[in-house]
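Okay, so here's the structure we're looking at.
The values are calculated or read from the model by the stated rules, or taken from the named source; none is laboratory data. Since the structure is predicted, the reported quantities are computational estimates derived from the model, not experimental observations. So basically every Cβ, Gly included, is an ideal-geometry build from the backbone, and we count neighbours across all protein chains shown. Quick note on the areas: whole protein, heavy atoms, side chains included, nothing else; ligands and nucleic acids left out. Shrake-Rupley method; radii C 1.70, N 1.55, O 1.52, S 1.80 Å.
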Amino acid sequence: MITASDDGAQYGLVIANHGYALLVETAGGVMIPCVGRRTLGGIYCGDRVRWKQADGNSGVIVGVEPRNAVLARPDTRGNPKPLCVNLDQIVIVGLATPETGTMAASDRIRIDAYLAAAELLHIEALVLINKADLYASEAARAALDATTAPWRDAGYDVLYSSTRTGAGIDALRARLHGRRSVLVGESGAGKSSLAGELLPEREIRIGEISSGIGRGRHTTTVTMLFHLPDGGDIIDSPGVREFRLGKIPPAELAGAFRDFRPFLGECRYRDCRHVNERDCALEQAVADKRLDANRLASYRALLDPQER
């Protein structure tokens, strides 16, 4: 393992990011509070960096290694604001209504937004329906299977889990092994309980990270990276609870829906936006029950308003 560069800087990994407060893990596993040189621009959780010792037990980041798979959302001006970088996988934690096994349209759209983001980043995605023990009746479970069928039909893995019964946890661990994953999901889906199940020493680690960036135990706005005991990493970011796609051209967004691809190029108009044009192949596929209507509705909801 290379631990130092030619200019004497050491290599490290950014494991926590709170604005300008950064915590870098050294090659030896030591956590060093750092600041970045202004000329480097933004530095994010998951970045591989070069840093040099400063006064006391702190450092200065002097370089950032090339990134891949940058998960970002638009800021108030519409510019992309990275949340975390160098990802292999997005794990989307969802929750259906226990009594019916169905999901609100807004929840389906949120999951479809994450799936589209994974496609645009060329990384893997997993749909994880948590609190599976709540779907006790056969009718609710059958409805849940029907709710999640469009994602399975599109080629995504869908996993049911429960931290109360342990169902699905081993399968989730296997899926996380050797990958850097970001956990995303709506409030109340049980993301924190899942992280606690997967990371036995999570609270101790949170305390160490919070102390390292000078935030005590107030961690609600801190993006953190945790190492899994069996290999792999999990990034937990508060910013992904309100994730939105930026302005994606219609053709690019449509291509990010796997199940649309067999029909793309078959529309009457080459620049079809799949909204209200005549002879749209996607609309025909929905009518023929070869494409799920909710997926087309999600695509339209995720389009930039100027394109609808």
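Quick notes on this one:
- Filter result for G101 (under 21 Å from the mean Cα position of the chain (by Cα), open to solvent by less than 50 Å² (accessible area, probe 1.4 Å) and on the phi > 0 side of the Ramachandran plot): no
- Exactly one residue out of R300, R278, R261, R268 is of a type in the set (K, R) and in contact with an Asp or Glu (Cβ under 7 Å, 6 or more places away or on another chain), and it is R268.
- Conditions (1) modelled with pLDDT of 95 or more; (2) open to solvent by less than 60 Å² (accessible area, probe 1.4 Å); (3) closer than 24 Å to T148 by Cα; number of the one not met by K289: (2)
- Taking the stretch 33-48 as the range and being in contact with a Leu (Cβ under 9 Å, 6 or more places away or on another chain), more than 19 Å from K81 (Cβ to Cβ) and free of Cβ contacts under 8 Å to residues at least 40 places away in the same chain as the test, the residues that pass are C34, V35, R48.
- The one condition in (1) outside any helix (DSSP H, G or I); (2) under 29 Å from H177 (Cα atoms); (3) modelled with pLDDT under 95 that P98 fails to fulfil: (2)
- Residue list for the stretch 58-79, filter: under 17 Å from I235 (Cβ atoms) and open to solvent by 70 Å² or more (accessible area, probe 1.4 Å): R67, N68
- Any hit, the stretch 15-25, residues being modelled with pLDDT of 90 or more, in a strand (DSSP E or B) and surrounded by fewer than 18 Cβ atoms within 10 Å (Cβ to Cβ): no
- Candidates in the stretch 157-198 are the residues that are farther than 20 Å from F243 by Cα, in contact (Cβ under 8 Å) with a residue 40 or more places away in the chain and open to solvent by less than 10 Å² (accessible area, probe 1.4 Å); of these, the one that is farthest from the chain's Cα centre (by Cα) is L172.
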